[in-house]
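*Asks:* What follows is a single structure, and I will ask about it in a moment.
Every number in this text was worked out from the coordinates using simple rules, so none of it is lab data. Only a predicted model underlies this, so the values are computations on that prediction, with no experimental measurement involved. A quick note on method: Cβ atoms are made from the backbone with ideal geometry, for glycine too, and the neighbour counts reach across all protein chains shown.
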Amino acid sequence: MKRLFTTFWSLSVCMSPVCWTPLVLLALVLVWCGGTLVPVSDQAVATPISSGKEQILVVADAVILEAAIRSLPVVGRLVSLQAGAISAETSGSIIHVAVDVGDRVTMGQVLAQLNPNGLRWRRQSEMATLTERRARATEAEAHLHIAEVELQRLGKLRQSAAFALAKYEDKAGEVKRLRAATQAAWAAVDHAFTTVRLAEGELAKADIKAPYSGVVRRRYVEVGSYIATGAHVMEVVNDCNMEIEADIAVEYLASATPGTGVVVQMTSGVDKSAIVRAVMPDEDPKTRTRLVRFVFNRLPNFELAANQSVVVHLQVGDHSKVPTVSKDAIIHRENQSVVFVIEEGRAKQRLLQLGGSVGGRFVVESGLKSGELVVVRGNERLLPGQKVQLIDKLLNKRGKSEGKSDR
């Protein structure tokens, strides 16, 4: 001890007065401890061991049996069953555009109009041709009738001396020729009538109409534009006739057979029910997924958009019941999953082997059995073998004692 104080005195002489205070405090501590310094390496590392007397308030949850089915969220998109470019069915120049991008149209509504003057003149020309050919057919019928009357008169003279066989045969040949000419004339009438109908159809096509209801997504023409047959005029998408399209991994296709029900979460947060309509027979070799189409059981009563993102919740897994444990009971220590099981009022630590997740729980492959109680609140500060008391039981005791005091 004397040697220790001599050392401190020599150090204090060499140091400034500001540094004396720490040395004095250190000397007092050494005196109180008996003046012996123990190396750190010689000290034992203390491990907290539960005395078993202190009780910890905890919340427990039971291990239960349930089907190992989980909801698999898959990002999908809405696709319109009626969407594309509306083309002109005849050629001509645009004289009027009735709608613009973003306008809602109904089936049969006029989108744009072509100049109808040339089409009207063509129809009038074809109608004139029809009238002319009807007149020619009527004329051919008249010539045929006259020839048939003459042939009958010559036939009545067959028994008389004035009958001329050569003249009779010539007239019979003329009747055949006139009959053929009459048939050709009426065929020409039919052809002219069909041409008139086509001209009327072309005239009707001057009004370019929407083949289905929807919203105009794109416009390709302006007033004064000349378009040929088949040129794009407008692009319309039907937002009231939608399906859902999603890429499903091959390993989950067993849960996406046609007719299987799913829940679709819209971007607004609303959940809608749908069913699987079809699974496409094409597989993406890079992602090992297939395209699956879903149809709404009932279309939403709010506006939808093509390519709008949705989340399809597919129920996957095994329908057989397996033990599950709450996720809050799991403690990860040294890359292992452990829980505290309540046995005879004490917390017993147990190692687990976990499987997939089922909602807010994990499938237990080994380590627990159905009905056992595990700690879900207060397990972070528990020690193996420590006494515990369930909070719900404590509350029940307090409620009963308060009821007695009220009496």
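*Asks:* What is the distance in Å between the Cα centroid of segment 170-202 and that of segment 231-262?
*Replies:* Segment 170-202 and segment 231-262 have Cα centres spaced 55 Å from each other.
*Asks:* Using only the Cα atoms of segment 104-143, build the gyration tensor, take square roots of its eigenvalues as a ≥ b ≥ c, and label the shape rounded, prolate or oblate: rounded if a/c is under 1.5, else prolate if a/b is larger than b/c, else oblate. Walk me through the numbers before you get to the answer.
*Replies:* Numbers: a/c = 12.12, a/b = 3.15, b/c = 3.85.
It comes out oblate by the Cα gyration axes.
*Asks:* How about segment 195-292: which GluC sites (Glu not before Pro) there lie in a loop by DSSP and see at most 15 other Cβ atoms within 10 Å?
*Replies:* Glu222
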